[in-house]
Structures are given as structure tokens and as C-alpha cells.
Amino acid sequence: MDIRFLGGAEEIGRSAVLVNGSLLLDFGMKSATPPQFPVASPSPDAVVASHGHLDHVGAIPSLLSGDDRPPIHWMSPTRELALTLARDTLKLHGGTYNCPFTEEEIKRVTQVSETHGYRETFEAADHQVTFYNAGHIPGSAHVLIDDGDTRLLYTGDFHTEDQRLVAGATARPAADVVVCESTYSDVTHGNREDLEEQFATSVRTTLWEGGTVVIPAFAIGRTQEMMLICEANDIPCYVDGMGKQVTETLRQYPAFLRDGEALRRAKSHARFVTGRDGQRERIAEKNVAIITTSGMLSGGPAMTYIPAVRANPINKITMTGYQVEGTPGRNLLERGRAEIDGRVMPVSAQVEQYDFSAHADCEGVLDLLGSYRDAEILVNHGDRCVAFAEELAADGFDASAPDLGETVTV
């Protein structure tokens, strides 16, 4: 089996892995200025998508230009989320080099889409493929590929512990080689209940003191997780940005949620922002929590809320997700200032970081890999892929970290 890494090797973003020159696993884009895409644009016989995050599906419509019409295989929520992301990318960057597809390619996605369930084996590009729940976001999947000689497990993004939105991954299908994500390979997540209590106490304290709390959150998964936490802790909250549409989408797929009724309650508890007639400016002056995109402060309604609350030290900005190096969110955490709409703004408001990650930590990754002691491990999707592969090798694993563009034959 030949495995070529077109993206996501020694980096987080633009995940893309080509198997045997014919089966493409994910085809994402990296949030940067300008956005970055996989290092090559193949013409696969079929595409399989692990889950609906931008760094895994953001560039898929570009594969349908010209005469190419490869079928796209995914879970139903992943399909809907990918289409939402594609339309948003077209809205933000359409007609520029920052968007490699048009509305026509997005329409073609719906024409070639094939949805599957967990543990239902199907054929794609002469490979047998099976999805297993990855516990990352609704519809996320480990992908098992069998070419008749070799069984490859592509973990995609995964979490082994329960979140409020989805249950943790438990599947361990037999495999000869594992392409494993390593986002938090050097981190141990704290106890989730303690973290939620710490977050809720901090937010309530700011609201009692008369301040406003802005909660930047990824639209897919994290916004809904924060809504669930706010509802459980009776924290008044508004929700703004793409997360509103995603919430409505996910409510249509209760079978992929840990508790569909809980998300319904969270939706009823929150107030969705329309953004009309200066609504955001008025909300920013209230004693409320505001869950808003973008999670890394690279766009979205956060561009209104952060400038509105930044000067008051009673206010608070609570970062809830991983901040890619070079993003405004990362700069805010490290330097106390953020570039918003081209202007570098000092921030006097309190800034806090909470590890509400939907990725497995070091213990979770090792727990999964413990079932694959006899397999070859290829580490990707991380800031320290080489270091983690070396740590695995020192522990007796057959592990390495492929370079970007490299082909590994197993």
C-alpha cells in the first residue's frame, strides 16, 4: 500500500492523504492568511471524508472541477457540514485565488455524495472502507481501508473521553498500519467536570461584577458544547455566527449526538443573534456570555465583539479551543493584543484559555495506539509529529512522521 501525504504532515491543517494513487482521505484547507491547501490536487477515483471540519473537508469541492466527478463518501452530518463550510468559504473568498472552487463545484458535491453509517463496509476505488465513531464531533469517523493486502486505519481527529455533545471513541478495528493524529500528544487534559466548574465560576464572577464575557468558539462542535455547558450552569448566553446554522443542522441528526434532548434545551436557553440594527453593539454592553465565531479570532462576529469589550478590565475573553500559530487568537494569548480587521489592538479585558478540546490528549492517543503495538504508526496532524514519533519509537512502536508530500510504502 502506498500512502502519500498531501497535507497534515508535520502540521495542523489541510489534511489530505492519498492511498494507492486512487483513494483520497480528506482534502482540507488551513486557516491562514492567505488560506493554504494541499500540496497537490490529485484526480482520485473516490474521496472519503473523516469529518466535517474545515481542515479536513474545506477544499473538497475543488476536486470536482473540469470533468472529474469522483464519488464522495461520508457520514450524513459530515456532508451537511462540508456544504455549510464550502458556502461560507465562497462567501468570504469567492472569485479570488483564496477560493479554489465556485458555486458550480458545490452543487456537484451534492450530486456525487454517498452517505454511510458506522460499521457498514462499502467499496470505494476498489478498496473496502468502514467508518467507526471517532468521538470528535457528530459524524466524525475513524476510517478503515482494506486493499486486499493491507489494512490501514486513518484515525482522523478523535477523542476517547465523553463530551457533552458526543460520546468518546471506543472502536479498535484490526489494522496493519495506523495514520494517527497527534494534536495534543504532549498534553494531558484535566478532569472535564472540574474544568467546566472552573469555567462556569469564572463566567458567573464576571457577570456578577457587571462585565461581559466573549467566548470565541469553533462553529462546528465547540459552539454547541459551550451552549450545553452554559445551559447546564444557568449562564445567560447569546450565540452568534455560523454556529447558529450548525446547531440547527446537528439537531436534525440526534442519532449522532450523545443527548439530543440536551441540545434542544441548550438551544431554547440561548438567544440567537441576528446582527441587525446594531444588535451586536448593544449585546456587548450587557452582562451576558456571548458564544461567537471565529474560534481563532480570524473573522466572524468576533470582529465586532472583541473591539467592543477589549478596553474594560472587568470584561473577559475566554478562548475555548486550539489556537494555530500566527492566528489573532494565538497572538492574543501570547502577547495580550490581537489584529482585528487589519488593526493591532491592545486588550485590557481579562483573557483566559480553557482546554475544552475535542481531541484525545496524550493518554488518549496512547490508549488507542496500545491496541496497535504490532502495526506501523505514521504520525500526522500535529505541531510536534517528529518528536512524538520518536517518543513512540523509544517505547517500542514502529513509528515515524512522514514529511509533507512524502509517499510511504507499507
Give me the 1.4 Å probe accessible area per residue for the chain, excluding ligands and nucleic acids, in Å². 39
Hey, any idea what % of the stretch 301-367's accessible area is carbon plus sulfur with a 1.4 Å probe? 44
Nearest 5 percent is fine: what portion of the DSSP beta bridges confined to the chain is antiparallel? 45
Looking at the stretch 321-408, what % of the alpha carbon pairs are farther apart than 23 Å? 45
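Against the empirical 2.2 N^0.38 Å scaling, what ratio does the C-alpha Rg of the chain come to?
0.96
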Please compute the contact order of the chain in relative form: average sequence separation of alpha-carbon pairs under 8 Å and at least six residues apart, divided by the residue count, as a percent. 18
Fraction of antiparallel bridges per DSSP, the stretch 304-410 only, in percent to nearest 5: 35
What accessible surface, in Å², does a 1.4 Å probe find on Val344, ignoring ligands, DNA and RNA and rounding to the nearest 10? 90
Rounded to the nearest 500, what is the 222 nm mean residue ellipticity of the chain from helices alone, with -39500 (n - 2.57) per DSSP H run of 4+ residues and division by all residues? -8500 deg cm²/dmol
Leaving ligands, DNA and RNA out of it, report the carbon-plus-sulfur percent of the accessible area of the stretch 14-62 at a 1.4 Å probe. 48
Among the lysines, which fall within straight-line cross-link reach of Lys286, defined as a Cα-Cα distance under 17 Å, with same-chain neighbours fewer than 8 residues apart omitted? Lys316
Among all the lysines, which ones have a C-alpha under 16 Å from Lys30's C-alpha, if same-chain residues fewer than 8 places away are not counted? none
Full extension between Thr201 and Asn233 adds, at 0.36 nm per residue less the Cα distance, a length in nm of 10.6 nm
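State whether the stretch 139-272 is rounded, prolate or oblate according to the following rule on the C-alpha gyration tensor (a ≥ b ≥ c being the square roots of its eigenvalues): a/c under 1.5 gives rounded; otherwise a/b larger than b/c gives prolate, and the remaining case gives oblate.
prolate
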For the chain, can you list the cysteines whose C-beta has no other cysteine C-beta under 4.7 Å from it? Cys99, Cys180, Cys362, Cys385
Any idea how far the Cα center of the stretch 252-272 sits from the one of the stretch 168-193, in Å? 26
For the stretch 18-125, what proportion of DSSP beta bridges, expressed in % and rounded to the nearest 5, is antiparallel? 25
Setting aside same-chain residues fewer than 8 positions from Lys267, which lysines have a Cα under 19 Å from its Cα? Lys244
Expressed in angstrom and rounded, the centroid-to-centroid distance over alpha carbons for the stretch 29-73 and the stretch 334-375 is 24
On the protein heavy atoms, probe 1.4 angstrom, tell me the percent of accessible surface of the stretch 139-187 carried by carbon and sulfur. 38
Area accessible to solvent at Ser357, 1.4 Å probe radius, in Å²: 10
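Mind ranking Tyr253, Tyr97 by accessible surface for me, highest first, 1.4 Å probe?
Values: Tyr253 50, Tyr97 220 Å².
The ranking, largest first, comes out as Tyr97, Tyr253.
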With every protein chain left in place, what is the accessible area of Lys30 in Å² (1.4 Å probe, nearest 10)? 40
Calculate the spin-label point distance for Trp208 paired with Asn287, positioning each point 7 Å from the Cα along the beta-carbon direction, and give it in nanometres. 1.1
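The values are calculated or read from the model by the stated rules, or taken from the named source; none is laboratory data. Remember, predicted model here, so these are calculated numbers, not experimental data. Virtual Cβ from ideal backbone geometry, glycine too; neighbours counted across all protein chains shown. With ligands, DNA and RNA removed, areas are computed over all heavy atoms of the protein, side chains included. Shrake-Rupley method; radii C 1.70, N 1.55, O 1.52, S 1.80 Å.
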